[in-house]
């Protein structure tokens with residue numbers, strides 16, 4: 001079972017100093033993997049009675065179901081069984097089940113999840129349950145949840161889940177500042193930047209661009225602005241401050257390359273990233289003086305363009321780090337796009353919260369055919385290497401992929417034509 005978990009999670013990284021020149025191969029036979037996940041993970045684990053000793057195996061099945069987007073009457077029967085028992089289970093099991101049904105059963109279990117929300121005293125489970133109910137809120141639900149969250153915050157000062165949830169519950173229109181502020185030449189001078197411009201609705205892929213230490217954006221071999229499509233959506237689609245939710249909006253530290261041993265990520269070089277508070281302040285802010293200030297939100301605030309400092313959504317990365325999210329990276333993929341053929345983001349493949357670029361593989365030979373990830377890594381190397389920040393910005397809420405013309409418009413407003 002441990003091997004199955006490693007296949008899904010962004011762990012087991014080997015740090016590398018430079019971009020390897022060897023041709024990577026697929027780690028696994030993808031057809032055999034699919035059969036193994038169905039037979040040995042989904043069917044075998046969901047057949048078990050639910051008990052303390054089997055919860056982790058059920059959670060492995062929940063991951064496999066999301067990965068394969070697998071639906072059958074028998075699977076739904078077993079999920080319904082888990083729902084009826086979840087109030088007796090651990091918070092970790094409840095979290096895994098809520099993650100599954102948020103993405104795959106968004107209209108099915110509102111009554112049961114509302115009962116769990118009334119019962120739980122676990123902040124993360126409460127927040128996840130609340131977001132599930134917000135998928136189809138009944139009359140007065142938002143106001144009731146706001147009252148409960150406000151009451152909780154009186155006794156849970158600084159609770160990142162409640163602070164973020166309260167913002168989502170308010171659902172007030174917020175004007176998005178001009179994203180060109182992030183593209184100005186004098187923003188974070190001397191830092192290499194990868195800027196991933198996304199939609200608020202992460203069903204639609206964004207575009208990543210790369211800036212060098214001199215403030216210049218990398219161009220491709222034809223002299224045009226280098227852009228690479230990138231998805232920031234998770235399997236569940238939960239908000240970014242929650243474990244395994246979408247990639248959080250805001251700043252992440254870019255700190256080296258890595259090679260993953262996780263099968264779904266694949267062997268192409270990835271960009272290593274860290275959230276605020278994932279390590280100490282000296283690491284994230286590159287400031288040897290900031291020894292005991294890792295939780296100081298003002299330090300994060302100072303990294304933002306002035307026009308963005310009062311825009312709460314861009315602090316999502318800060319709160320994600322405060323809530324304990326970790327191991328978000330920018331990687332490629334070996335996942336078969338066909339699992340997500342019915343989704344708006346097809347042929348992109350979602351993750352457990354990382355940023356992901358497209359790659360294609362030959363199943364007969366195991367060789368990599370095309371890789372946007374390698375293009376991104378080479379652009380970062382050209383810019384000076386992975387030592388700086390990766391910034392995720394939600395441009396707006398249009399229901400279509402981000403277009404190169406939109407990036408060029410931002411550059412023009414930033415004086416970077």
Would you please put 383-394, 85-96 in order of how densely packed they are, using the mean number of other Cβ atoms within 10 angstrom per residue and starting with the highest? 383-394, 85-96
In what sequence do 77, 378 fall when counting other Cβ within 10 Å, fewest first? 77, 378
Kirkwood radius from Cα pairs of segment 179-413 plugged into Stokes-Einstein at 4 °C, 1.567 mPa s, gives D in µm²/s equal to 73
Inter-label distance, nm, simple model (7 Å from Cα along the C-beta direction), residue 143/residue 346: 4.2
Between segment 293-340 and segment 153-169, what is the C-alpha centre distance in whole Å? 17
Calculated FRET efficiency for the pair residue 387/residue 408, C-beta based, R₀ 25 Å, to 0.05: 0.40
Which FRET efficiency, nearest 0.05, do residue 398 and residue 85 yield, Cβ-Cβ r, R0 45 Å? 0.65
What is the gain in length, in nm to one decimal, between residue 71 and residue 338 on full extension, counting 0.36 nm per residue of separation less the C-alpha to C-alpha distance? 94.7 nm
With an 8 Å Cα cut-off and a minimum separation of 6 or more residues, compute the relative contact order for the chain in percent. 23
What is the spin-label model distance, in nm, from residue 222 to residue 107 if the labels are put 7 Å beyond Cα along the C-beta direction? 4.3
Ordering 111-118, 310-317 by per-residue average of other C-beta atoms within 10 angstrom, highest first, gives 310-317, 111-118
Got a sec? Which residues in segment 75-104 would a label at residue 118 touch, if it sits 7 Å along Cα→Cβ and we count backbone N under 12 Å? none
With -39,500 (n - 2.57) per DSSP H segment of 4 or more residues and division by the full residue count of the chain, the 222 nm estimate, nearest 500 deg cm²/dmol, is -10000 deg cm²/dmol
In which sequence would 200, 336, 124 go, from the one with the fewest C-beta neighbours within 10 Å to the one with the most? 200, 336, 124
By its C-alpha gyration tensor, with a ≥ b ≥ c as the square roots of the eigenvalues, how is the chain shaped: rounded for a/c under 1.5, else prolate for a/b larger than b/c, else oblate? oblate
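Every number in this text was worked out from the coordinates using simple rules, so none of it is lab data. Fair warning: this is a prediction, and the values are worked out from it, not measured in the lab. Don't worry about glycine lacking a Cβ; one is built from the backbone with ideal geometry, like all the others, and counts go over all protein chains shown.
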